[in-house]
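Enquirer: Before I ask anything, let me first share the structure, which is written out below as structure tokens.
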Amino acid sequence: MLFCLFALNVEGYKDEGTLRELYHEQDLTTYEIAERFDVTQRTIHRWITKNGIETREPGARAKSRKEFL
């Protein structure tokens, strides 16, 4: 249901709260977020940076998921 709320706001990828929720809380990659908003990964990364959201190290998500399993 959370995705549906964000999908209504086409420019939601610019919103700090939306990006923080998707990137940190839902643990999505910048590629996955970009796909949801039909923009490029570069656009998502740019807005994450502009909003001062701390980024993960490359591959950190994959490592944390392996530890979970």
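The values are calculated or read from the model by the stated rules, or taken from the named source; none is laboratory data. Source: prediction; values computed, not measured. Using ideal geometry, Cβ is built from the backbone for each residue, glycine included, and neighbour counts are taken over all protein chains shown. Side chains included, ligands, DNA and RNA excluded: accessible areas come from the protein's heavy atoms. Shrake-Rupley method; radii C 1.70, N 1.55, O 1.52, S 1.80 Å.
Enquirer: What are the pairs with Cβ atoms under 9 angstrom where one residue, in the stretch 22-51, is on the phi > 0 side of the Ramachandran plot and the other, located anywhere, is open to solvent by less than 80 Å² (accessible area, probe 1.4 Å) and assigned to a helix (DSSP H, G or I)? Sequence gap at least six, or different chains.
Expert: Pairs found: Asp27/Arg61; Asp27/Ser64.
Enquirer: Can you pull out every residue in the stretch 5-15 that is at pLDDT 65 or above and open to solvent by 80 Å² or more (accessible area, probe 1.4 Å)? Let's see the steps before the verdict.
Expert: Filtering the stretch 5-15 down to residues at pLDDT 65 or above leaves 10-15.
Val10, Glu11 - these are the residues of the stretch 5-15 that are at pLDDT 65 or above and open to solvent by 80 Å² or more (accessible area, probe 1.4 Å).
One line per residue, one yes/no per condition, for (1) open to solvent by 50 Å² or more (accessible area, probe 1.4 Å); (2) in a helix (DSSP H, G or I); (3) modelled with pLDDT of 95 or more; (4) small (Gly, Ala, Ser):
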| site | (1), (2), (3), (4) |
| --- | --- |
| Phe3 | yes, yes, no, no |
| Leu19 | no, yes, yes, no |
| Val39 | no, no, yes, no |
| Thr43 | no, yes, yes, no |
| Arg46 | yes, yes, yes, no |
| Ile53 | no, no, yes, no |
